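The values are calculated or read from the model by the stated rules, or taken from the named source; none is laboratory data. Since we're looking at a predicted model, the values are computed, not measured. Please note: Cβ atoms are built from the backbone with ideal geometry, for glycine as well, and neighbour counts cover all protein chains shown.
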Amino acid sequence: MSNSQPNWLQELKPFAKEAWNQSEFKEPTQIQLKSIPLILEGKDVIAEAPTGSGKTLAYLLPLLQKVDPSKKNTQVLILASSHELVMQIHQEIQTWSKGSGINSTALIGGANVKRQIDKLKKKPQVVAGTPGRVYELMQKKKLKAHEIVTLVFDEADQLLVPEHLPTVENIVKSTLKERQILLLSATLPEEVQKVAGKFMDEPEIVQIAEEQLKPEVEHAYIACEDRDKVELLRKLAHLNDFKGLAFMQDIASLNVYTEKLRFKKLPIEVLHSDAKKEQRAKALKGFRKGEYELLLATDVAARGLDIKDITYIVNLDIPKTGSSYIHRAGRTARLGAVEGTVISLVNPVEEKRLKKFARDFDFSLQEKELYRGELHNK
């Protein structure tokens, strides 16, 4: 490792150095450079950085550095709002803690509780989980909250919402007064920071905004009627380099689209919160392996997902908020791995909303049309 690299990178334990050398990171990202020293010092941190900028590692590296594998108790608890995100974080924990002697487990709702209790008996030092299941196991005294040294909220703006807040507050109250709390997200609205401020201790604020919308991402739209969207999506899926994630807010509408596309013999899978855990895992696995080129998803299910080589994000509807649009857009061009296109299929009302997002978040927007199986500027 060269001397120009930050101290913490040179001082990594051997297992982490090895993982770093095996990883796709050549240099630490901005969020890692700014957050890691603060986390190593034990400070509370609120970090806002674009999707795909290396946030997970910004907390995992320093925390795995601090975990004591000889102590058989849970030292780090990471909370996330969706099953998929928890499983993805757990995968990262396993990758980065290989050879460290650190034991970890994932706790998600809908999965077998007895099996999770058995895993907790092995005294994992690091636990990732969804709030409901984590709190349930705390109440059952299977997860010892008073031993937790650091609490992480990943995609914090999804956790500190009315739906999860009472559970999250109960989890926080169960932990030690001197614990460290880390909050990370691509968007952290002021009200979320206010809520967090109530249980954090003079948090350091880290904001990485300059890469908010990375230049590798092109933002485009096709103006159309709602009834034409299914056929347009089918045609998009036949573009040359298409590997796409198509978003829709409403599960019922998503299921209707799925049936129509399957009827047209298009190989696709679906990802939404009503689907069973096994179905969701199978859908993701097949998509990652390239068994089909299109995955239809709702915002909640695809939150924080890191899937390599997605070339297109298709918005079948325009979300209500600009920050949701940014989250969707962030599923492509992950850490600059590939160039990506975000294409929105918009009716006249949605077109206005999309143009407002472009002004608010300062990105350029190009109208396109599909002609002879190719996208052209209009």
*Determine which single condition K235 fails, assuming it passes every other condition in (1) under 23 Å from I307 (Cβ atoms); (2) in contact with a helix residue (DSSP H, G or I) (Cβ under 6 Å, 6 or more places away or on another chain).*
(2)
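Of all residues in the range 156-167, which are of a type in the set (S, T, N, Q) and either part of a loop (DSSP other than H, G, I, E, B) or touching a Gly at 6+ places or on another chain (Cβ under 7 Å) (or both)?
Going residue by residue through the range 156-167, those that are of a type in the set (S, T, N, Q) are 158, 167.
Passing the criteria: only T167.
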_Suppose we filter P162, P166, P203 for residues that are closer than 22 Å to K34 by Cα and under 24 Å from the mean Cα position of the chain (by Cα); which single one remains?_
P203
*What residue, of K265, K308, is free of Cβ contacts under 8 Å to residues at least 12 places away in the same chain, farther than 27 Å from P348 by Cα, charged (D, E, K, R) and part of a loop (DSSP other than H, G, I, E, B)?*
K265
*In this structure, is I117 of a type in the set (V, I, T) and more than 19 Å from the chain's Cα centre (by Cα)?*
yes
*Has the range 10-26 got any residue that is under 20 Å from A156 (Cβ atoms) and in contact (Cβ under 8 Å) with a residue 60 or more places away in the chain?*
no
*Specify which of the listed residues (K378, K368) is modelled with pLDDT under 95 and loosely packed, with under 14 Cβ neighbours inside 10 Å.*
K378
*Do we have H238 as surrounded by fewer than 22 Cβ atoms within 10 Å (Cβ to Cβ) and closer than 23 Å to R331 by Cβ here?*
yes
*Taking into account only those residues within the range 346-365 that are under 24 Å from the mean Cα position of the chain (by Cα) and modelled with pLDDT of 90 or more, which is surrounded by the fewest Cβ atoms within 10 Å (Cβ to Cβ)?*
A358
*Only one of (1) buried (at least 20 other Cβ atoms within 10 Å of the Cβ); (2) out of contact with any helix residue (DSSP H, G or I) (no Cβ under 9 Å at 6 or more places or on another chain); (3) without any contact (Cβ under 8 Å) to a residue 40 or more places away in the chain is not met by I318, so which one is it?*
(2)
*Taking the range 179-194 on its own, how many of its residues are over 21 Å from the mean Cα position of the chain (by Cα) and either hydrophobic (A, V, I, L, M, F, W, C) or modelled with pLDDT of 90 or more (or both)?*
2
*Quick one: in the range 15-43, of everything that is buried (at least 22 other Cβ atoms within 10 Å of the Cβ) and in contact with a strand residue (DSSP E or B) (Cβ under 7 Å, 6 or more places away or on another chain), which residue is modelled with the lowest pLDDT?*
I31
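Every residue, every condition in (1) within 25 Å of L79 (Cβ to Cβ); (2) in a helix (DSSP H, G or I); (3) at pLDDT 85 or above, yes or no:
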site	(1), (2), (3)
L239	no, no, yes
Q249	yes, no, yes
A252	no, yes, yes
T258	no, yes, yes
R303	yes, no, no
*Test L176 against the criterion of being in a loop (DSSP other than H, G, I, E, B), surrounded by 19 or more Cβ atoms within 10 Å (Cβ to Cβ) and not polar (S, T, N, Q), and give yes or no.*
no
